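A.B. asks: Dropping the structure in here first, questions after.
The values are calculated or read from the model by the stated rules, or taken from the named source; none is laboratory data. All values reported here derive from a predicted model rather than from experimental measurement. Note that each Cβ is placed from the backbone with ideal geometry, even for glycine, and that neighbours are counted across all protein chains shown. Accessible surface areas use protein heavy atoms only, side chains included; no ligands, DNA or RNA. Shrake-Rupley method; radii C 1.70, N 1.55, O 1.52, S 1.80 Å.
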Amino acid sequence: MPELKKLNLQKFEDPEANPVALAEGVDPEKYIIATYLMSFPADFNAYRVTQLLAIEQSTGTWTPVPGETPEVRKEHVGKVIGVYEYPDYSIMLPPDTEWRNYFVQIAFPEDNIGEQIAGLFTTVIGNISAGFGKVRLLDVRFPKKYVEGFKGPKFGIPGIRDVLGVYDRPLLNNMIKPCVYGPAKLGAKYAYEVAKGGVDIIKDDELLFNRPFNPVEERVTLFMEAIDKAYEETGEKTLYAVEVTDDVPRIFENIDTALEHGANCLLVNYIAAGWSVLRKIAEDPSVNVPILAHSDVAGVYMASHEYGINANLVVGKFPRLLGADIVLVGAPGGKVQFLEDKGWPIIDVLRYPFYHIKPVFPMASGGVYPSLVPSLIAGAGKDIVIGAGGGIHAHPMGPEAGAIAFRQAIDIVMKEGITSVRELRKYAKENNVKELLTALETWKF
C-alpha cells in the first residue's frame, strides 16, 4: 500500500462532502450504519485510515480521480461516524505496541445500494475484508426504507405454530440419520417412527441431496405418507423439511418437484446456495410452505475473531431478513463450540422486533440430547426449536423412544419449571419415565 500521506484523503470545504461526520449529522433513515472491529499497525493513524476505507467502499479509490467531485462525494461517500479505541490510549502507547484495536462505525448512503443483499455485502464488507488491516463486521443498522424492500418470512413463529397447532411449548425437530443413506424407504421408516414419538418437524440432513439413489420426488412421497400415517395415530401434525439445495437453476426445479409431490416444508442451505437465492425462494408466491434455513458454511464467515462477519448477522439478522422461517443455530452446550454468552444473543436476534419482519424460530442444534433441554428452555423460553439427530436415532430403545424421551423432557420442564438436568433426572427416576431416564443414563456428558 502506498504511504498513508499519499492516499486519497482530499478535503473539501463543504463538510458534507468529506468521509467523516458526527453521528448526529447523519440521518439514520438515509444511511446504513455498519459497526466494525478493526485493528491496525500501531503507526497507522486510525482516524485517517478509517476514512480511506469509507471512501474505498463508496466513491473512490486509493488516489483522487477527476470525477470524484464535491457533488459526488456529498451524495455518495461513506462517512466515519465513530472511531473508539480499546484500550483507549490518549497520552502515550505502552512500549512494544504493535497493533491498536478500534470499534468503528461507518454510515453508507442507502441510495448507493438499494434494497438488495449482494450490494449490501459488497459495500459493508467488500474490498476491506482483506488487505486493509484486520476488519470484522459486527453489526448493521438498517433504515426502515431498506428493510421495507424485503418481504421477510411468510410464516415465522406465529405461522408455524398455526400450521402445527402447537402454542405452549418449544418444538422438536429430528434430523434423519444417517446423514446420507440409500433408498428413501429407510428414511421414511424412521420418519414414521419419530413422528409417532412426538417430533414436530423432521428434516433431511443438509448433506442429502437430490441423487438417483434417493430422489426428491420419491423421498417426499414416502415421507409425507409416513407422517400422514403417524398423524392418523397421534393426532399431531408434522412438518417435513425436504433438502432441495443445489446449483441454480436446479434448486428451483427441486422445489417445484417437492411442492408438486406434497412437501409441506423446505430445507435450504442458504449460505452454500447463495443469500439472494434464499430471498428468491422466500418471496416466490408459489412457495407456500415454511423454509428451514441451514447454516452450514457459516464458520467461513464468523469463526475468526479478527476477520469476517459476526454470528448475529450470519445466522441471525441476514437469514431472517431474507425470508427464513426457521434458522439453524449452534445449541449452547452442544457440539458446536459457541461461547454460551454468544449463542443466546443470536437466538434473540431472530425473535426481537425488526420493523415488519416476522420473528422466526431459532433451531438449537448440534450434539443435542435430552440433558440439554432444561438449559435450552431456561435460556430461550418456549419459542425455540430443539433439534436432535443422534440424540433420537441412537436411543437404546429405538428412534421412536428417542423422540418420546425428548417430548417427555420438554413437557416435564414446561410443566414443572425444571431448570437443571439434576432436577430432570430426579423427576424421571421418581416417576419412572423410562424413555427419558434411559436417555439421561445413556448420555451423561
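A.B. asks: For region 273-300, list residues with backbone N below 17 Å from a point placed 7 Å from the Cα of Lys342 toward its Cβ?
C.D. replies: 295-300
A.B. asks: Looking at the chain, send over the antiparallel percent of its DSSP beta bridges, to the nearest 5. List each step's numbers first, then the result.
C.D. replies: Working: 25 of 55 bridges.
If I count the DSSP bridges inside the chain, around 45 percent turn out antiparallel.
A.B. asks: Next question, about the same structure. Give the distance, in whole Å, between the Cα centre of region 210-268 and the Cα centre of region 84-100.
C.D. replies: 56
A.B. asks: Amide H of Met175 versus every other amide H placed in the peptide plane: which residues, excluding those fewer than 5 positions away on the same chain, fall under 5 Å?
C.D. replies: Lys203, Ala388, Gly389
A.B. asks: Taking 8 Å as the Cα distance limit and 6 or more residues as the minimum spacing, I'd like the relative contact order of the chain as a percentage.
C.D. replies: Relative contact order here is 14 percent.
A.B. asks: Sorted from largest down, what three extents in whole angstroms do the Cα atoms of the chain have along their principal axes?
C.D. replies: Taking max minus min along each principal axis of the Cα atoms, the chain gives 77, 49, 35 Å.
A.B. asks: Moving on. If the cut-off is 29 Å between C-alpha atoms, which lysines fall inside it for Lys151, apart from same-chain ones fewer than 8 positions away?
C.D. replies: The reachable lysines, counting only those whose Cα sits under 29 Å from Lys151, are Lys30, Lys79, Lys203, Lys237, Lys280, Lys317, Lys342, Lys358, Lys382.
A.B. asks: Could you state the accessible area per residue of region 313-368 in Å², with a 1.4 Å probe and every protein chain left in place?
C.D. replies: I get 34 Å² per residue for this part.
A.B. asks: Further, regarding this structure: In nm, to one decimal, how far is the modelled label at Tyr86 from the one at Phe213, with both set 7 Å along Cα→Cβ?
C.D. replies: 4.9
A.B. asks: Let me ask something else about it. Where does the chain land at 222 nm, in deg cm²/dmol rounded to the nearest 500, when only DSSP H runs of n ≥ 4 count, each adding -39500 (n - 2.57), divided by all residues?
C.D. replies: -10500 deg cm²/dmol
A.B. asks: Ranked highest first by the average count of other Cβ atoms within 10 Å around their residues, in what order do 172-184, 427-439, 58-70 fall?
C.D. replies: On the way: 172-184: 19.7, 427-439: 18.1, 58-70: 14.8.
With the highest mean Cβ count within 10 Å placed first, the list reads 172-184, 427-439, 58-70.
A.B. asks: So for each of 374-382, 226-234 I average, over its residues, the number of other beta carbons within 10 Å; can you give me the resulting order with the highest mean first? Please list the in-between numbers first.
C.D. replies: Working: 374-382: 18.6, 226-234: 16.1.
The densest-packed peptide leads the list: 374-382, 226-234.
A.B. asks: On to the next question. Given the peptides 16-29, 274-287, arrange them by the average over their residues of other C-beta atoms within 10 Å, most packed first.
C.D. replies: Highest to lowest by the protection proxy: 274-287, 16-29.
A.B. asks: Note down the relative contact order for region 33-106 as a percent, whole number, built from C-alpha pairs under 8 angstrom at least six residues apart.
C.D. replies: Working: 89 pairs, mean separation 37.1, N = 74.
Averaging sequence separation for qualifying contacts and normalising by length gives 50 percent for region 33-106.
A.B. asks: Quantify, in whole percent, the carbon and sulfur part of the accessible surface of the chain (1.4 Å probe; protein heavy atoms only).
C.D. replies: 54
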